[in-house]
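See structure below.
The values are calculated or read from the model by the stated rules, or taken from the named source; none is laboratory data. Just so it is clear, the structure is predicted and the values come from calculations on it, not from any experiment. Note: ideal-geometry Cβ built from the backbone for every residue, glycine included; neighbour counts use all protein chains shown.
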Amino acid sequence: MTTKILFSLFLCGILLPLNAQIKGTVTDTNSNPIEFANVAIYSLPDSTLISGTTTDQDGAFLLLADNNNSSNALLRVSFIGYETQTVPALTKQTISLQPDITLLGEVVVEGDLPRIRLRSDAVVATVQNTVLSKAGTANDVLKRLPSITGDDGDFSIFGKGKAKIYVNNRELRDVSELDLISSADIKEVEIVHNPGAGYDASVKAVIRIHTVRKTGDGLGFDVRSTYLQTENTDLRQQLNLNYRHQGWDIFGTLKYERYAYIHESKIAQETFVDTLWTQKNELYVDGLSTPLTTIAGVNYEISPAHYAGMKYTMTAFPGKNGMESTTLSDVYANGTFYDRWESSDRQTQNSKPRHRLNAYYNGKFEELKVDFNSDFYRSSQSTASAITESSQEYDDRIITSDNRIKNHLFATRLVLSYPLLEGQLSVGNEYTRARREDDYITDIQGIPSTNTSIHDDNNAFFAEYSRSTSIGQITAGVRFENVYSDYYSDDEKMEEQSRHYARWFPNISYSNTLGGVQMQLSYTAKTVRPAYWQLGSSIFYANRFTMQTGNPFLKPTLIHDASLTGSWKFLQLMVSYKQEKDVIMQWATQMEENPAVTLLSTRNVKNLPSLTAYLTASPKFGIWAPQATIGFMKQWLTITSNDQQVRLNSPIPPHR
C-alpha cells in the first residue's frame, strides 16, 4: 500500500505543468559562491511572482516556470550586504552581486538576517554575525536554541527525543567534540524535527551544524581556557593549531579537561505484597574524570568542486578516574521500622586510549553530487566496584565486581544527489558494523558472572525525492533497514536474545510560505529497538530489596509521527502527534522466591498515543535577544498497578 501511495505522489509530481528550468549560480565579485541568496522569477509586463528559491552552499539555484512565461521573465537576486540585481531570465547563467556600500560601511548585517527560519526539512538558526557567535563553543550555542534542551553534548528536541548531531554532514560520534568547535566558527544550525529517509530509523531528531569554511594561507593558532565553579568543577585547557597553503589545511588540537562532580538525590520506593515495604533512600555521589584529547588531521581542496580529508582523535584518561557513592536507606514494613543500612560504592575506572578515525570526500561531477564519510572507533575500559553495606539490624556485606568492556565500530555513509524531472533525487547507503565484548565478574550470591559479546550489522538503503511545485515543496522518501543483532554468552550464540529486523520506513513532507508564515507538514515512520541490556536475563544487584534484569521477549517499538512546524517573524510553533506501538517501558515486579525484593525490568505496552506542542518566541530588542518557550506533552495511557487501573494522562510541561 505504501509503495502505491509513494508511486502515485511521484507521478503527480511528474505531471505538474512546470517544465522549464531556470538555473544558475550567484557569486560575489571575487567569484566566491553566495549561499542563501534569494532568487525570484517575475513575469513581464505585470511583474507577477512566478516562483522563488534560495541558493545552496555552492551558490547554485534551480527555478521552475511555465514554458509560456519563461521566455519573457526577469530574475531578481538579493542578499543582505549586496546590491539587488534584476536580469533577464535565461536557462543558465552566473550572476555576480556587487557590495552595497551603504550597508557595509559601519553596519553589522546581523539585524537584517532572520535569526530563526524554516528551510526544507529544518528550522534554521543563523549563528554567524549574531550574538550566538559569542556564546563560546558549539555546546554553548545548542543550549541557547529554541526547542533544544540538554548540555554536555547530550541534547534532545522537545517532543521528539534525543537528537543525533552532525557537523558538516559528518556524524558526531564523540559529543565532547562540541567543545572543540568555537561558536565564532559556526555559520548556522539546522534543527530537524522529523528526519527523513537519509537517517537511521531509530533517530527521532537531528541537529546539523555547519561551520564557516576558512580561507587564506598561513599559520594560525588559538588558546582557550575555561573554569567553571559551582557544586561541580569544570576545567578546560585547549590549544588549536592550523596551517593552510594552496588548498591544504593541516590542523591539530590538544585539550585537557578536569571534571569534578557531585550529585545528591532522594528516592522513595513502595512495594505492595503481603507486606507494604517502604524504602527511603538518600544518594550522594562524588566523581572525577580527567580526559586528555589529541587531534590531528588534514583537509585538501583538490579543486573548487572536490574536497577530501581525514581526522584522527585519541582520548586518554590519565590520573585517577572514578566515583564514590553513598546510599542511606531506611526500610519500613507496614509503617514499622525494619532496618537502616549504609551502602558505600567505590568505583575505579581504568581506560585505555580511545581511537577514532574519520575520512570524508565531497565532490561534484557536473550535476552529480557525491558525499562520502567513513568512521572507525575502538575503546577498552574496565570498572572495578567495591560495595560495603552496613546494616543496623542484620548482617553486613561486602560485594565486589569487575566489568571489562571493549568496543569496535566501523561505519560508512554514501549519498548521491542528482537533478531529476525538475526536482532533486538523493539515493544512498549506510552501513554500520559494531562489536562489543562485556565481561562481568561478581561475588554476589545468587547472581552469576557473565561473559557476553554483541555483534551488530545494519545495512540500510534509502531514496528521497524533492521537488518545488506551484503549491509548495514536496519531499517523499523511503528507507529500508536490514539489521542483524546477535548476542553471545561464553562464545555461544543465544537465539532468544538475537534479533533480525527488516523493515521499510516511509516519509513525506510538504512545505510552503503563506503570507509571512513559513510552514511544514511531515510524516515519518520510526522505530525504537531494545538495547542488549534490556534483552539480557542476567540479574544485577542494587540493594537487598532491589534487583534489575532484562526481558528477552521485548519487541521493537514502531512510531508513526505527524508533525506541523511553523515560523512567523520571531515566533516558532511545533505540533506533533505520535502513535507508538509496542512501547518499551520500565516495569517493576516481585521476585518469586522473595516477594519483598523488587525486580526492575522492561516490557511492551501495546499502544501509546501522544500529542506534543510548543511555542517559542525569540524577539530582539537592541542588544537583547531573549527567548521563551511554552509547551506541553499529553499522552493517553492506562496501566494496571497493584490490581488497580492507573490513568497516566495528565499533560506534562516541558523542562527548560
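Structural remarks
- Criterion: among the β-branched types (Val, Ile, Thr), under 32 Å from the mean Cα position of the chain (by Cα) and at pLDDT 80 or above - qualifying residue of 123, 87, 109, 77: 123
- Residue within the range 225-237 that is assigned to a strand (DSSP E or B) and under 23 Å from residue 299 (Cα atoms) present: no
- Residues (in contact with a Gly (Cβ under 9 Å, 6 or more places away or on another chain) and under 21 Å from residue 386 (Cα atoms)) located in the range 273-325: 287, 288, 289, 321, 322, 323, 324, 325
- The number of residues in the range 346-363 being touching an Asp or Glu at 6+ places or on another chain (Cβ under 7 Å) and more than 22 Å from residue 311 (Cβ to Cβ) comes to 1.
- Applying the criterion of being among the aliphatic types (A, V, I, L, M) and more than 16 Å from residue 521 (Cα to Cα) to the residues of the range 572-585, the residue that is surrounded by the fewest Cβ atoms within 10 Å (Cβ to Cβ) is 585.
- Members of the range 608-618 found to be over 13 Å from residue 575 (Cβ atoms) and modelled with pLDDT of 80 or more, listed by number: 608, 609, 617
- Within the range 469-483, being within 26 Å of the chain's Cα centre (by Cα) and surrounded by fewer than 15 Cβ atoms within 10 Å (Cβ to Cβ) holds for one residue alone: 482.
- Of all residues in the range 553-571 being touching a residue at least 60 places away in the same chain (Cβ under 8 Å) and either basic (Lys, Arg) or out of contact with any Lys or Arg (no Cβ under 9 Å at 6 or more places or on another chain) (or both), the one that is surrounded by the fewest Cβ atoms within 10 Å (Cβ to Cβ): 566
- Residue count for the range 419-449, restricted to those that are outside any strand (DSSP E or B) and either touching a residue at least 40 places away in the same chain (Cβ under 8 Å) or in contact with a Cys (Cβ under 8 Å, 6 or more places away or on another chain) (or both): 7.
- Within the range 117-172, the set of residues being in a loop (DSSP other than H, G, I, E, B), more than 29 Å from residue 474 (Cα to Cα) and hydroxyl-bearing (Ser, Thr, Tyr) comprises just one member, 130.
- Output for the range 249-298, where each listed residue is among the aromatic types (Phe, Trp, Tyr) and within 24 Å of residue 355 (Cβ to Cβ): 251, 256, 259
- The set of residues in the range 258-310 that are farther than 30 Å from residue 229 by Cβ and among the aliphatic types (A, V, I, L, M) comprises 268, 273, 276, 296, 298, 302, 305, 308, 310.
- Test for residue 442: is it surrounded by 17 or more Cβ atoms within 10 Å (Cβ to Cβ), under 30 Å from residue 289 (Cβ atoms) and under 30 Å from the mean Cα position of the chain (by Cα): no
- One residue stands out in the range 572-610 among those that are charged (D, E, K, R) and within 21 Å of the chain's Cα centre (by Cα): the one that is nearest to residue 517 (Cα to Cα), namely 578.
- Residue satisfying all of: in the range 587-614; in a loop (DSSP other than H, G, I, E, B) and in contact (Cβ under 8 Å) with a residue 40 or more places away in the chain; surrounded by the most Cβ atoms within 10 Å (Cβ to Cβ) among these: 597
- Hits in the range 369-384 (condition: among the small types (Gly, Ala, Ser) and closer than 30 Å to residue 401 by Cβ): 379, 380, 382, 384
- One residue stands out among those in the range 144-185 that are in contact with a helix residue (DSSP H, G or I) (Cβ under 6 Å, 6 or more places away or on another chain) and among the aliphatic types (A, V, I, L, M): the one that is farthest from residue 315 (Cα to Cα), which is 148.
- Failed item in (1) in contact with a helix residue (DSSP H, G or I) (Cβ under 8 Å, 6 or more places away or on another chain); (2) more than 19 Å from residue 349 (Cα to Cα), with residue 309 passing the rest: (1)
Every residue, every condition in (1) touching a strand residue (DSSP E or B) at 6+ places or on another chain (Cβ under 6 Å); (2) within 24 Å of residue 459 (Cα to Cα), yes or no:
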position: 483; (1), (2): yes, yes
position: 496; (1), (2): no, yes
position: 513; (1), (2): no, no
position: 528; (1), (2): yes, yes
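- Test for residue 172: is it without any contact (Cβ under 8 Å) to a residue 60 or more places away in the chain and within 26 Å of residue 58 (Cα to Cα): yes
- Filter pass, residue 194 being part of a loop (DSSP other than H, G, I, E, B) and modelled with pLDDT of 80 or more: yes
- Options 393, 437, 422; residue that is modelled with pLDDT under 90, acidic (Asp, Glu) and either surrounded by 18 or more Cβ atoms within 10 Å (Cβ to Cβ) or closer than 30 Å to residue 122 by Cβ (or both): 422
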